[in-house]
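The values are calculated or read from the model by the stated rules, or taken from the named source; none is laboratory data. For clarity, every value in this text was computed on a predicted model and none was experimentally measured. Because the Cβ atoms are built from the backbone with ideal geometry, glycine has one as well, and the counts that use them run over all protein chains shown.
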Amino acid sequence: MNVFDTHAHLNDEAYDADREEMIQRARQAGITLIVNIGFDLASSRESIDLADRYDLVYASVGIHPHDAAEVGPGYLEELQKMARHPKVVAIGEIGLDYYRDLSPRPVQRQVFLEQMALAKKLEKPIIIHDRDAHGAMMDMLRKEKLGPAGGVMHCYSGSWEMAGELLAMGFYLSIAGPVTFPNASKLKEVAAKVPADRLLIETDAPYLTPVPYRGRRNEPAHILYTAAEIARVRGMAKEDLAQMCAENGRKLFQIA
């Protein structure tokens with residue numbers, strides 16, 4: 001197996017007791033690459049530290065919409081400095097979250113736009129978080145346009161119609177554990193229809209645990225269940241699906 005978990009949070013405190021063992025289980029499961037995701041300045045630094053410690057880990061740096069209201073005036077300069085690290089492959093996760101509304105929506109939008117502009121300047125792809133904000137997100141993306149380095153809609157949760165528009169804009173779509181849930185018919189449809197060269201898989205570990213471990217802590221090794229379900233709906237072998245998505249991830253994140 002050659003598996004690329006394109007979105008995980010290995011620095012989460014959920015792994016403080018067994019981080020080394022968890023990463024070893026990932027290796028044993030065939031995972032060869034993981035992008036660890038920053039969501040504020042501190043976690044972005046932690047992502048870089050993990051990338052320095054583990055050969056299979058790369059990092060992203062960014063400000064999550066939950067944390068948008070907490071940024072200081074120099075946050076973009078800090079992100080730019082961190083993004084110069086050779087294992088930082090993206091700006092993210094960035095975007096909008098109208099489900100929890102932990103930051104005022106105008107602030108979310110402004111910080112998102114500023115980070116999109118930074119990604120274009122640095123020629124880095126973006127990793128987008130979009131929860132209960134599909135309309136606002138699409139309006140912004142239609143106006144701002146995706147930069148030439150591209151981007152991914154992490155843990156995609158929209159319709160196939162929305163997916164079609166995002167694909168036309170140049171996005172990759174990443175599918176996570178919820179595709180294994182029995183009632184996830186809309187997501188299974190998307191997973192079946194995404195063009196072969198635009199599909200990624202992820203865990204969002206420690207969150208979004210797939211069946212049969214739903215309700216427990218997620219970890220990268222569990223991505224095999226997500227890969228198996230997507231392979232099933234696409235009529236593919238799990239190994240071929242994983243290989244295809246790994247190649248897509250390497251292309252998006254410019255990992256040789």
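If you take the residues in the stretch 148-162 that are crowded, with 20+ Cβ neighbours inside 10 Å and either in contact with a Gly (Cβ under 9 Å, 6 or more places away or on another chain) or aliphatic (A, V, I, L, M) (or both), which one is farthest from residue 206 (Cα to Cα)? Restricting to residues being crowded, with 20+ Cβ neighbours inside 10 Å and either in contact with a Gly (Cβ under 9 Å, 6 or more places away or on another chain) or aliphatic (A, V, I, L, M) (or both), the top hit is 150. If we scan the stretch 160-168, do we find a residue that is under 18 Å from residue 115 (Cβ atoms), at pLDDT 95 or above, among the small types (Gly, Ala, Ser) and over 18 Å from the mean Cα position of the chain (by Cα)? Taking every residue of the stretch 160-168 in turn, none turns out to be under 18 Å from residue 115 (Cβ atoms), at pLDDT 95 or above, among the small types (Gly, Ala, Ser) and over 18 Å from the mean Cα position of the chain (by Cα).
Taken together, the criteria exclude residue 233 from residues that are modelled with pLDDT of 95 or more, in a loop (DSSP other than H, G, I, E, B) and surrounded by fewer than 24 Cβ atoms within 10 Å (Cβ to Cβ). The residues on offer are 153, 82, 138, and the sole one that is more than 16 Å from the chain's Cα centre (by Cα) and closer than 22 Å to residue 191 by Cα is 138. In the stretch 168-209, what residues are in contact (Cβ under 8 Å) with a residue 60 or more places away in the chain and of a type in the set (Ser, Thr, Tyr)? Those that are in contact (Cβ under 8 Å) with a residue 60 or more places away in the chain and of a type in the set (Ser, Thr, Tyr): 172, 174, 203, 207.
For residue 90, state whether it is small (Gly, Ala, Ser), part of a helix (DSSP H, G or I) and either under 24 Å from residue 156 (Cα atoms) or free of Cβ contacts under 8 Å to residues at least 12 places away in the same chain (or both). Judged against the criteria, residue 90 is not a match. Residues that are within 29 Å of residue 15 (Cβ to Cβ) and of a type in the set (Val, Ile, Thr) were ranked within the stretch 183-230; the one that is surrounded by the fewest Cβ atoms within 10 Å (Cβ to Cβ) is 211.
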